[in-house]
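> Below: one structure in C-alpha cells.
The values are calculated or read from the model by the stated rules, or taken from the named source; none is laboratory data. Computed from a predicted structure; not experimentally measured. Virtual Cβ from ideal backbone geometry, glycine too; neighbours counted across all protein chains shown. Only protein heavy atoms, including side chains, enter the accessible area calculation; ligands, DNA and RNA are left aside. Shrake-Rupley method; radii C 1.70, N 1.55, O 1.52, S 1.80 Å.
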Amino acid sequence: MPVDLRTRNSFHGKRKTSDSPYGGPASFFVAESSPPETDASIVERGGREAEQDGFTSILVNQFSDRPDVWATAGWILAHTDTITVAAAHRVGLQSPTVAARTLATLDRLSGGRTTIHIIQGSSDQDMQREGDWLPKEERYRRSHEYLDVFKQELTATEPFDYSGEFYRIAGARSATLPIRKPRPLISSAGASDAGIELAATHSDIYALPTVPLSDTPALIGRVADAAAAKGREIGFWLGGFNVILAPTVEQAWAKAEGITREVLDYQERTGYRPDQTRMTGLADDADRELDLRSRTDSPEDAFYGRLGALTNHGPSLVGSPESVARAYLEYYKLGIGVLTIGGAGELQPHTGEPELVDAEHRDLLRALIGEVKSLTDAHDRETATPVGVG
C-alpha cells in the first residue's frame, strides 16, 4: 500500500514575526494576538498547493473557535482533484446520523476523497466552550455508542434502531451512501486505556502521539494487540511532526536554532504564550535554553523537541530532504502508513502580502515528499512476498 503523506490546512494568512531571515518560518509556531477572519482564497490555495506538492491527504482540524470543519472540507474538495480530506470530528456536538450523512455526501460529491478523524476534544475547557460538560472518560464511553450508530448510518441498506445510554435511534437509514466501500476510513487517537479501547473497537487507523523512534514500537504493539484481541487489524498514523529543511543537515540545524531564537524573541517582545487548553506540547518543561548538542543525520538525531515544548506545535524533524526522508522511513518500517509532514509549508501569507517562506523551502519540501515516496516504495518492493512463496 503506498504511503499516505498528509499535511494540514490553513484557515487564514499569517504575518512574519519580524523582518529577520527567520521571521517567516517562525510565524508557523506562534499565533497572532487577533487572528484574521477565515479567507476562502487561503483555504483554496492551501489545498491546491498541497496537491501540487505531492501530498495525498490534508487534515482539517477542529477547535471551538475555528471555522466549521464540514464546510471547510467541502471547500477544499471542490477546489482540488485528487487529494483526500481528513475531517476532524468532535463526538457529541452533532447527531451521529447527521454527521454520517454529511460525510457520505462529501464523499459522494468528491468521488470518494474523504476520511474522518474522531477526537474527544483537546481539553475539558475547550469542550465546555461548545456546551459539552462531559468529563473525558464519559466522552470516550459516549464515542463507542456514537460510532456504533455512525457506522451503521454509513452502510445500512435497511432501517435500523439503536438504544444506548447516550443515543436512541428509531428507523434510521440514509438514502445517501459514500462511494468508498464499505465506508470512509475512521481514525482516532488517545494513548489512555480508554483511547486505545475505542481505536481497537472502531478505528481503521490509530493516530500515534509523536515521540522519538525508540519510544514508538511499544505503543504500536499495545494498540495492535488490543485490536487483534477483537479480531481486527489496525493501521497507524504519525500526525505531529513538523519539518525544518535546508540543503544540508548542518544548515538545517542552524535554521532550527535560528527559528527557536526568533520564537523566544517574539515571546519576549509580545508576551505570547500558547493556549494550554487547545494543544499539549511534546513536554511540560518549556525550558527556554536551546539544546545545542552535536547532531548526526540518524533518525533519532533528526528529532527536535524544543520548539514543540515552547509553542505546543509538536516536535520537528530537522535535516536535508534526504536525511529527514530516512527518518520518516524508519517510522514507516514500523508499520506506520500515514505520515504527516507539517511546518512552514502550511503557511500562507495574508492576501496580497509577501510570501512567508522562500521558493527554496517549497523546492526542499517537494524533494522531501518525492524522497519519502521513493524510499517507502523501495522498502515495499524489498519486503514483498513473491507470488507462490509462504
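> Return, ordered by residue number, the residues of region 86-100 whose backbone nitrogen is under 13 Å from a label point located 7 Å along Cα→Cβ of Asp68.
Only 94, 99 pass the distance filter.
> Quote the FRET efficiency, to the nearest 0.05, computed for Lys373 versus Gln251 with a Förster distance R0 of 25 Å and r equal to the Cβ-Cβ distance.
Working: r = 24 Å, r/R0 = 0.94.
About 0.60, to the nearest 0.05.
> Ok, one more. For a test of the definition: using alpha carbon positions, the gyration tensor, and the 1.5 limit on a/c, classify region 1-70 as rounded, prolate or oblate.
Values: a/c = 2.06, a/b = 1.33, b/c = 1.55.
Oblate, since a/c reaches 1.5 and b/c is not below a/b.
> Now for a separate question. Name the residue from Ile58, Pro96, Val30 whose Cα lies farthest towards the positive end of the charge dipole of the chain, charges +1 on Cβ of Lys and Arg and -1 on Cβ of Asp and Glu.
Pro96
> OK, next. Please label the shape of region 133-184 as rounded, prolate or oblate, based on the square roots a ≥ b ≥ c of the eigenvalues of the alpha-carbon gyration tensor (a/c under 1.5 means rounded; beyond that, a/b larger than b/c means prolate, else oblate).
Values: a/c = 3.49, a/b = 1.68, b/c = 2.08.
Oblate, since a/c reaches 1.5 and b/c is not below a/b.
> Using unit Cβ charges (K, R positive; D, E negative) and no other charged atoms, how large, in debye to the nearest 20, is the dipole of the chain about its Cα centre?
On the way: 41 positive and 57 negative charges, 193 e Å.
Dipole of the chain, to the nearest 20 debye: 920 debye.
> Taking DSSP loops as anything outside H, G, I, E and B, show the longest stretch in the chain free of GluC sites (Glu not before Pro) there with at most 15 other beta carbons within 10 Å. Working shown, then result.
Working: sites that count: Glu32, Glu37, Glu130, Glu165, Glu233, Glu289, Glu355.
Longest gap between qualifying sites, sites excluded: 38-129.
> According to a simple spin-label model (label point 7 Å from Cα along Cα-to-Cβ), what is the distance in nm between Arg261 and Arg129?
3.4
> With the crude spin-label approximation of a point 7 Å out along Cα→Cβ, what separation in nm comes out for Thr157 versus Gln52?
That separation, rounded to one decimal, is 4.4 nm.
> While we're on this one: Report the label-to-label distance for Ala170 and Glu32 in nanometres (one decimal), using points 7 Å from each Cα along the Cα→Cβ vector.
The two pseudo-label positions are separated by 5.1 nm.
> Tell me which trypsin sites (Lys or Arg not before Pro) from region 73-142 have a DSSP coil assignment and no more than 14 other beta carbons within 10 Å of their own.
In loop regions of region 73-142 (DSSP not H, G, I, E or B), the sparsely surrounded trypsin sites (Lys or Arg not before Pro) are Arg129.
> What is the extension gain from Thr201 to Glu44, computed as 0.36 nm multiplied by their sequence separation minus the C-alpha to C-alpha distance, in nm to one decimal?
Details: separation 157, 0.36 × 157 = 56.52 nm, distance 3.53 nm.
Stretched out fully, the Thr201 to Glu44 stretch lengthens by 53.0 nm.
> Related question: Hand me the chymotrypsin sites (Phe, Trp or Tyr not before Pro) from region 1-106 located in a DSSP loop with no more than 12 other Cβ atoms within 10 Å, in residue order please. Spell out each step's value before the answer.
Working: sites: Phe11, Tyr22, Phe28, Phe29, Phe55, Phe63, Trp70, Trp75; in loops: Phe11, Tyr22, Phe55, Phe63.
Within region 1-106, no chymotrypsin sites (Phe, Trp or Tyr not before Pro) qualify (loop, at most 12 other Cβ atoms within 10 Å).
> In whole percent, and with a 1.4 Å probe on the protein chains, what portion of the accessible area of region 69-212 is carbon and sulfur? Numbers along the way, then the final one.
Details: 3040 of 5870 Å².
For region 69-212, the apolar C and S fraction of the accessible surface comes to 52 percent.
> A further question follows. So how many Lys-Lys pairs in the chain land under 29 Å Cα to Cα, not counting same-chain pairs under 8 apart?
For the chain, the number of qualifying lysine pairs is 13.
> Starting at 0 and stepping by 10 Å, how many percent of the alpha carbon pairs of region 55-184 end up in each bin?
13, 42, 34, 11, 0
> Taking a ≥ b ≥ c as the square roots of the Cα gyration tensor eigenvalues, with a/c under 1.5 meaning rounded and otherwise prolate when a/b beats b/c, else oblate, which class fits region 155-217? Working shown, then result.
Values: a/c = 4.66, a/b = 1.92, b/c = 2.43.
Since a/c reaches 1.5 but b/c is at least a/b, the shape of region 155-217 is classed as oblate.
> Let me ask you something else. Farthest toward the dipole's positive end in the chain, which of Gly342, Ala359, Leu154, given Cβ charges of +1 (Lys, Arg) and -1 (Asp, Glu) about the Cα centre?
Leu154
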